[in-house]
1. Can you tell me the relative contact order of the chain? Whole percent, Cα pairs under 8 Å, sequence separation 6 or more.
2. Checking the cross-link filter: which lysines have an alpha carbon closer than 22 Å to that of Lys102, excluding same-chain neighbours under 8 positions apart?
3. For the chain, what % of the accessible area comes from carbon and sulfur atoms, probe 1.4 Å?
4. Give the share of C-alpha pairs in each 10 angstrom bin for segment 79-154, from 0 to the last occupied bin, in whole percents, shortest bins first.
5. Excluding ligands, DNA and RNA, what is the solvent-accessible area per residue of the chain at a probe of 1.4 Å, expressed in Å²?
6. When ranked by the protection proxy of mean other Cβ atoms within 10 Å per residue, highest first, what sequence do the peptides 185-194, 140-149, 117-126 form?
7. Which percent of the Cα-Cα distances in the chain go past 30 Å?
8. If the reach is capped at under 15 angstrom between alpha carbons, list the aspartates and glutamates near Lys97, excluding any in the same chain fewer than eight residues apart.
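The values are calculated or read from the model by the stated rules, or taken from the named source; none is laboratory data. All of these numbers come straight from a predicted model, not from anything done at the bench. Neighbour counts run over all protein chains shown; Cβ positions are idealised from the backbone, glycine included. Areas reflect the complete protein model, heavy atoms only, side chains present, ligands, DNA and RNA absent. Shrake-Rupley method; radii C 1.70, N 1.55, O 1.52, S 1.80 Å.
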Amino acid sequence: MYDYIFFDLDGTLTDPVIGITNSVMYALKKFNIEVNDRRELYKFIGPPLKDGFMNYYGFSERDALAAVEYYRENFRVKGLFENEVYDGTVALLEKIKQSGKKIILATSKPEEFALIILKHFDLFKYFDLVCGATFDEKRSEKPQVMEYAINKLRIRDMSRCVMIGDRKYDIEGAKCFKMDSIGVTYGYGSREELENAGATHIVDNINEIFDLI
């Protein structure tokens, strides 16, 4: 059905919960904010970090940008590797690659970090293109990342593309380009969130994805 398979990273191919929440805690401590239950920080998995600090903790844009820098201070040393590849990810990527489709990573995580993670977990070899956010925040929202990827690959027919992700940001990004989407419920977004965002398909298990593409 599709020739270009766009993947989100966090909550879709890997479970980044420990690295992300530890790094958010590290940043919040710089502002004398203590978090005792890391589950309160799961909402940081998905949206751009600056938005998370502003929306969830009422930070000004200036403080949010400072918090992002503190986050990265911890994440680039420790958080990158406090991550786990979901069972089934490698098998899925292998099957897609063998079928001749192009595999693209479209993540709101900084591209440099995404590349380190993919290489560390031996996933980089499956991707035809890796696109992420920039450190200067000029490319941070999911539609901006997807547009960058679409332009690099010179894709004109969106019916040949599908975006796969666990949060509404992935689904809404796909809708910006009239692209189909597959929402996954095993990550950090609920079925309700994915349905409300308008996902074309929703799956509960990573092994269901290949049959849809």
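1. 25 percent
2. Filter leaves Lys119, Lys125, Lys142, Lys152, Lys175, Lys178.
3. About 45 percent, which is the carbon plus sulfur part of the accessible surface.
4. 18, 47, 31, 3
5. With all protein chains present, the chain gives 47 Å² per residue.
6. 140-149, 185-194, 117-126
7. Cα-Cα pairs of the chain separated by over 30 Å account for 17 percent.
8. Asp3, Asp122, Asp128, Asp211
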